[in-house]
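Have a look at the structure that comes next, please.
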Amino acid sequence: MKHTTFKFFYNYEKEERWINSMSTKGMALVDYYWTRYVFEEETPGKYIYKIEFLDKMGSKNIENIAYVTFLEDVGVECVGIYMHWATLRKEAKDGPFDIYTDLSSRIKGCRKMSKWWLSLAAFEGAIEVYELILTGIRISNGNISILPMIIFPSVIMAFTILFFSLGWTARTKLKELIKESKIYEA
Amino acid sequence: MPESNERGALTEAVYYILLSLYHPMHGYGIMQNVNMLSHNRVNLGPGTLYGAINTLLEKHLIESFSSDDKSRKKEYIITTLGKQTVISEIERLNELIINGTQIVKEDVE
């Protein structure tokens, strides 16, 4: 039987942990798109799930299609792709499941992710500046209303901070990996 | 400044993938073979393997291998250039081993 749940995550590692804990409880994710999760009853712990940040966006991208075909050949199933994020699963009996096992690809992945979050933060930041200018104009016109003056800029500000902190976390991890690669072969 | 001729070390993943492909193999076969060769020490992640295969194809160290059976899975095989790369890597590794054991032995004595 299938169960559909809606949930919002901003941190993919927490999301990954949640999906895996559901799998341990006997609910295996079979379909995913943005906040929509479809689970199917399954032997508890049958699958291990991983979320990967892809180079290209979307499930219809040619490079992503080629990658997904390759994954299927090596026993990894793609549950869903939303924007840059692919949710993958592998049967636990086939051993541990890590998508990247070498330093240089982990560095590459981290760099892409931090760039993505930081560019989103910059985008949101630009909108924030625009909103604040609008607010200034409204005040000078004596036009005062709560929604556009307080709520909108606060929401945008919250997103800017969130994206920036996600980007910063990825950047810190990236620096650690780069340091490690100076000693150990990447 | 002229670029150095020195080629640097192969990554462990690349070295073992090249060794595996002395016989034609598909992705899953490579993963299992590398795991076996390294006595379960090296587990190639699918993302790492995919990236390595594409780079090795681009650099002509391996090529696609077409066999008669119409299986969907793509197979690969090492090229002459790939074999040369493996041979020079073995020479480099030998030098490391000889120097390492020599110095450590002197220190123990």
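The values are calculated or read from the model by the stated rules, or taken from the named source; none is laboratory data. Note that this is a predicted model, so its numbers are computed, not measured. Cβ atoms come from the backbone with ideal geometry, glycine included; neighbour counts cover every protein chain shown. Note: accessible area is taken over every heavy atom of the protein model, side chains too, but ligands, DNA and RNA are not part of it. Shrake-Rupley method; radii C 1.70, N 1.55, O 1.52, S 1.80 Å.
How much accessible area per residue does region A:1-56 have, in Å², with a 1.4 Å probe?
58
Within a 10 angstrom radius of each residue's Cβ in A:65-72, how many Cβ atoms of other chains show up on average? Whole number is fine.
4
Related question: Below 8 Å, C-alpha to C-alpha, sequence gap of six or more: please give me the relative contact order for chain A in percent.
Relative CO of chain A lands at 17 percent.
Take the Cα gyration tensor of chain A, multiply each eigenvalue by 5, square-root it, and list the three semi-axes largest first, rounded to whole angstrom.
Three semi-axes, in Å: 37, 23, 14.
Just tell me, in residue order, which DSSP H segments of chain A are both 20 angstrom or longer along the helix axis (alpha-carbon based) and at least 1.6 in mean Kyte-Doolittle hydropathy.
Within chain A not a single helix satisfies the rule.
Highest mean first, what order results for A:107-114, A:62-69, A:147-154, B:15-22 on Cβ atoms within 10 Å?
B:15-22, A:107-114, A:62-69, A:147-154
How big is the Cα convex hull of region A:65-114 in projection, averaged over all directions, in nm²?
That works out to 4.1 nm².
Ok, one more. Taking all protein chains as present, what is the carbon and sulfur share of the accessible area of region A:33-186, in % to the nearest whole number, probe 1.4 Å?
Carbon and sulfur together cover 64 percent of it.
So which lysines can B:K83 reach, going by Cα to Cα under 19 Å and dropping same-chain residues fewer than 8 places off?
Candidates past the 8-residue exclusion: B:K59.
Cα convex hull of chain B: mean projected area in nm², to one decimal?
Its Cα hull, projected and averaged over all orientations, spans 9.7 nm².
Moving on. What distance in nm lies between label points placed 7 Å from Cα along the C-beta direction at B:T55 and B:E91?
2.3
Quick one: angle between helix B:46-58 and the longest Cα principal axis of chain B, in degrees between 0 and 90, rounded to 10, please.
Long axis of B:46-58 versus the principal axis of chain B: about 90 degrees.
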